Each structure stands twice: as structure tokens, then as C-alpha cells.
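Here, each number is a calculation from the coordinates, and none is a lab measurement. What you see is a predicted model, and the numbers here were worked out from it, not measured in a lab. Glycine also receives a Cβ, built like all others from the backbone with ideal geometry; neighbour counts cover every protein chain displayed.
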Amino acid sequence: MAETAPAVTWGHVPQVRTFFDRQYAVVLMNGCLHYVRDKSRMLRRVLAASAADAVHAIAVFSTATPVPAVHLVIPVFPDAEGGVVERFYQDWDVLMHAYQRGRLEHSHPGFAPHVHSHIKLITTRRTGAACGR
């Protein structure tokens, strides 16, 4: 039986700093990249900690609609559709790609009703293609 690399979920920016000492087969970045100003730098670091055939799944706020005020408690840096995140993965095999624009949010207990726009992307570099532009 082949040995597989572990998976990691990076859901909060402070956790990101602690996981770069291994190679991960699955990387889930759900809700952390929109708190990172220099997305290219972070994605290069994530790539360096990814196995050769890694799968990356990403959800990041997009600029399609304004970031709701309830999310501006800390600085937020949404990405443009066709922006940094999508360009970074342009040479990867895309398994899922979607724009969610103006989606009513229900998952934040205690927050007033609001809408988000997201870029959702699941990619794999199973072909060995490198990225990082």
C-alpha cells in the first residue's frame, strides 16, 4: 500500500505559520486567504508544503460585492475574479471553479444578515505542472 501525505485545513491565518514542515496531499483554505494581503507569497509557501500530486481547495472573498461591515473587524483583502488566486493556479488541473456572487450568509451565529461573494476553486497538480506566477 502506498504511503499518502497528510491533509491540512488552514481556516485561520494564525494557524498557517505552523504547518510548513511537512508535505500535504490535501490543502483546504476556506476563509483564510481573504485575510492575507500578499496572496502570492502565501500561496507560494503553501505550494512548498504540498505534495507533488496535491489537491488545493479554496474559498476566498471576491470583489464582486463589497465586503460586509461585519467582516471588517480585522483587515480584509478580497481577490478579484480572474485575480491573484486564479492566476496562481492557471496551470493546475481545475476540478471545480465557481463564482458565488451576493450569496446570503447563514453560517455566522450572532451576525446580522449579510451577503458575500466568493471565488471557489478546487485544483490538483497531479500532472506535475508548477505554478506561482
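Could you list Leu47, Leu121 in order of exposure, starting from the residue whose Cβ has the fewest other Cβ atoms within 10 Å? Intermediate values should be presented prior to the final figure.
Working: Leu47 18, Leu121 22.
With the sparsest Cβ surroundings first, the list reads Leu47, Leu121.
Provide the net charge surrounding Lys39, with neighbours chosen by a C-beta distance below 11 Å and charges set as Lys +1, Arg +1, Asp -1, Glu -1. Could you put the intermediate results ahead of the total?
On the way: positive: Arg37, Arg41, Arg44, Arg45, Arg87; negative: Asp38, Asp79, Glu86.
So the surrounding residues net to +2.
What are the radius of gyration and Dmax of region 7-124, computed over its Cα atoms and given in Å?
Computed over the Cα atoms of region 7-124, radius of gyration and Dmax are 14.1, 42 Å.
Please order Phe111, Phe77, Phe88 by the number of other Cβ within 10 Å, starting at the fewest.
Values: Phe111 13, Phe77 16, Phe88 24.
Placing the least packed residue first, the sequence is Phe111, Phe77, Phe88.
For a quick check: sort Thr65, Thr123 by the number of other beta carbons within 10 angstrom, fewest at the front. Could the numbers behind the result be given before it?
Values: Thr65 17, Thr123 24.
The most exposed by this proxy come first: Thr65, Thr123.
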